[in-house]
1. By how many nm would the segment from residue 277 to residue 445 lengthen if fully extended, with 0.36 nm per residue of separation less the alpha-carbon distance?
2. Can you tell me the 0 to 90 degree angle between the C-alpha axis of helix 86-95 and the longest principal axis of the chain, rounded to 10?
3. For the chain, what is the calculated [θ] at 222 nm in deg cm²/dmol (nearest 500), taking -39500 (n - 2.57) for each run of four or more DSSP H residues and dividing by its residue count?
4. I need the chymotrypsin sites (Phe, Trp or Tyr not before Pro) found in the stretch 84-135, filtered to DSSP loop residues with at most 16 other beta carbons within 10 Å of theirs.
5. How much of the accessible area of the chain, probe 1.4 Å, is carbon plus sulfur, in whole percent?
6. Per residue, how much accessible surface does the chain expose to a 1.4 Å probe? Answer in Å², no decimals.
7. Note the per residue figure in Å³ for the convex hull of the C-alpha positions in the stretch 317-425.
8. Using 0.36 nm per residue of separation minus the Cα-Cα distance, give me the extension gain between residue 317 and residue 284 in nm, one decimal.
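The values are calculated or read from the model by the stated rules, or taken from the named source; none is laboratory data. Every value quoted in this text rests on a predicted model; they were computed, and no experiment measured them. So basically every Cβ, Gly included, is an ideal-geometry build from the backbone, and we count neighbours across all protein chains shown. Remember, those area values only see protein heavy atoms, side chains included, never the ligands or the DNA or RNA. Shrake-Rupley method; radii C 1.70, N 1.55, O 1.52, S 1.80 Å.
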Amino acid sequence: MQVTQVALRPTPASEAAGRPSLTPELLAASGARYSRNNEGLQSILSKIDPGNLDKSVDSIFRMVDYGHQSIADMAPVAMFMDGVSQWLAYYVWTLCPTAGGQESSTRYIRLASDNVIAPDALGIPENLRDEWKSLIDDSFAAYESAVSIWEGIAARDASVARIPSSLLNDDSEKARKAIARMRRNYGFDRARNFLPVAVATNMMLVMSARAWVNLCQHLLSQSLPEAQKLGEMIRAELQLAAPRLLKHAVARDSIGSGLAAEAAQTRRLAEKVAKISEAAPNAKLEVMLPPGASESDFAEDLAFHDNRYAWIGAQLRRTAVRFGWQAVAFAEIRDLNRHRTGTKFCPLVPQGFYSAIEECPSSETMARESLATLSEIGRRASRRALELLRDGEPSYVYWLALGTQFPFEHTTTADKFIYEAELRTGTGAHFRYADHLREVLALWYQKFPATRGLILEGSAEPE
């Protein structure tokens, strides 16, 4: 694992224009001083000593207390985090939904067993490590077999990967590379369900120093050693950008108690799961209309909506929406979780295992039989994780696979729901995202049929 804080620097154009550049804490201090007087930016900047930027923070705003969250919000910090588990990356995003950032994609990158994080770093008990390692090896063998199966299907029938005929009829090198990429991505999209969440990924985030402190507090209050280590490494890098905040970037008793209470609740939910198979998504949608709103208002609100970023009217923006599914594969949850608005709820209680077998053409009898056999490995991983969860073993999360299914719920407003539905059914959308959002859109249209055709539901055509 490695964490690297990356400092921002002015562009040549900014320097040529004589624009100021400030450290994150100087920027926050300057913004804070704005609220205390009306002297203007140039007067504030005149107090900066170029030879001692750190001391200048205090000279600009002597009374600054970086425990004031509104001040810490004005200190931007970027960090790159290499070698964290798929689970930990997901957990970080649950705590930082408004951050800007990216994560290495299992849809476009082929992963290998040497990417798995060592069991001692994950907190796998010594008496379980041999069993865990055996399951990891079986999972990767299933992943490699599934990649081969799906790529073979795409090679025999280009239509399953929805490769445009314009590319298939093009003999150029560029077209051949595009076809190979689409076939490869088609395979990765469907085979990735067998990947264990203990495999490493890389992620980067840009957010305020306040958000980094909040993340440190949660990570350092966690019981899992991987989370604690990441918290410590982020804290060390935060010292480079916002040293005055370090006193706040520590474990908190209240957070630790809250996490323990949530873990106990999750164990209680685990007792209600009867068996692990492939669970149906079972989409759900609840809508709370604002006073006086009607379906005709919704149609008017979408009158100028010609792309997913375009105008949506006030009544939809005021409408509360809760939507979700009883069983979503963790592979999809990782991205659904990253939508910035509202609140997501996802108790990590295995419900089933999804292997994309329904995507296999009926003519591919042998491929279907092979995938059905491989699916038992994913179900075995999910069952074992469920057993360990019931036993109160916190490292159960590292026994999960990307195809393990969980309940997932998102509470937001109707305009943001519409954006998500359009995004997740649009160009380049993963086939399973599109299926899930189409299910919820169908429930929406039952309630508000006048909006059908005004919401820009896509066909998830490949990029």
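1. So the extension gain works out to 57.4 nm.
2. Value to nearest ten degrees: 50.
3. On the way: 19 runs with 217 residues, N = 463.
Per the formula, -14500 deg cm²/dmol.
4. Details: sites: 87, 90, 91, 93, 108, 132; in loops: 108.
Here the sparse-neighbourhood loop sites are 108.
5. 51 percent
6. With all protein chains present, the chain gives 46 Å² per residue.
7. On the way: hull volume 11.7 nm³, N = 109.
Considering the Cα atoms of the stretch 317-425, their hull volume per residue is 107 Å³.
8. Separation in residues times 0.36 nm, less the Cα-Cα distance, equals 9.9 nm.
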